[in-house]
Amino acid sequence: STHRAKTSWPAKLGLLVLAPAFLLGLAEIIARMTVTLHPATFFVEHARQDGVWVGDNPYYGYTIFHPRQARTPGQSLFPAEKPPGQLRILVLGESAAMGFPDPEFGLARTLSTLLAMQFPGQSFDVINGSMTEINSHILLEIMDEAMAYQPDIVVLYAGNNEAIGPYSPVGVFGRFY
């Protein structure tokens with residue numbers, strides 16, 4: 001006669017919980033050792049010899065879009081600590097604010113040039129928080145993140161993507177309503 005050992009319910013329950021937890025933990029360890037992850041923030045801080053500087057994250061678009069559709073933010077580089085006497089302006093926006101198709105003519109760059117010409121003695125730091133193909137929900141996240149860098153003025157140039165752009169009722173990402 002064959003005799004099977006009886007397993008208690010607490011042991012079965014423990015095995016039921018511990019086995020998946022062990023496998024998930026092992027998968028996590030392997031992923032952390034083999035996969036390179038990019039920051040999911042719009043701004044990324046860089047330590048340099050002259051202090052901490054903040055730049056845009058070229059991988060930020062991957063947190064929102066499929067890799068083939070991913071966009072890059074408008075180019076910014078500014079000191080994390082606002083220098084005394086400097087006026088810091090944050091420009092938030094979509095494609096038009098970024099200057100699509102040519103960022104050289106974006107709102108942040110144009111504003112920076114005009115302010116420098118109009119007020120030659122004043123120091124301005126214009127932060128470009130714009131990116132093509134985003135909407136107001138993403139802009140809100142970018143603004144929340146940018147508030148840590150103490151902007152004095154926030155300029156919002158947006159609305160096209162919700163009204164007639166890709167996220168509108170007639171947009172390319174959905175059907176016509």
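The values are calculated or read from the model by the stated rules, or taken from the named source; none is laboratory data. Every value quoted in this text rests on a predicted model; they were computed, and no experiment measured them. Ideal geometry is used to build each Cβ from the backbone, glycine not excepted, and the neighbour counts take in all protein chains shown. Ligands, DNA and RNA are stripped out before the accessible areas are found, and what is left, the full protein with its side chains, is counted by its heavy atoms. Shrake-Rupley method; radii C 1.70, N 1.55, O 1.52, S 1.80 Å.
Among the residues of the range 17-52, which ones are in a strand (DSSP E or B), free of Cβ contacts under 8 Å to residues at least 60 places away in the same chain and open to solvent by less than 60 Å² (accessible area, probe 1.4 Å)?
Across the range 17-52, the qualifying residues are 44, 51.
For the range 67-116: of the residues being under 20 Å from residue 136 (Cα atoms), modelled with pLDDT of 90 or more and aliphatic (A, V, I, L, M), which is most open to solvent (accessible area, probe 1.4 Å)?
Per the criteria, the residue is 107.
Are there any pairs with C-beta distances below 9 angstrom linking a residue in the range 116-132 that is touching a residue at least 24 places away in the same chain (Cβ under 8 Å) to a residue that is among the aromatic types (Phe, Trp, Tyr) and in a strand (DSSP E or B), with the two at least 6 apart or on different chains, and if so which?
Note: pairs meeting the criteria are 125/78; 126/78; 127/43; 127/78; 129/43; 130/157.
Within the range 84-99, take every residue that is in a strand (DSSP E or B) and of a type outside the set (A, V, I, L, M) and give me the one that is farthest from residue 124 (Cα to Cα).
Looking at the filtered set, the residue picked out is 93.
Six or more apart or on different chains, Cβ atoms under 7 Å: show the pairs whose first residue is in the range 62-74 and under 22 Å from residue 91 (Cα atoms) and whose second is open to solvent by less than 80 Å² (accessible area, probe 1.4 Å) and part of a helix (DSSP H, G or I).
Cβ pairs passing all conditions: 64/138; 70/61; 71/61; 72/61; 73/60; 74/98; 74/103; 74/108.
State all residues of the range 100-144 that are small (Gly, Ala, Ser), assigned to a loop (DSSP other than H, G, I, E, B) and farther than 18 Å from residue 58 by Cα; if no residue qualifies, say none.
Residue satisfying the conditions is 121 alone.
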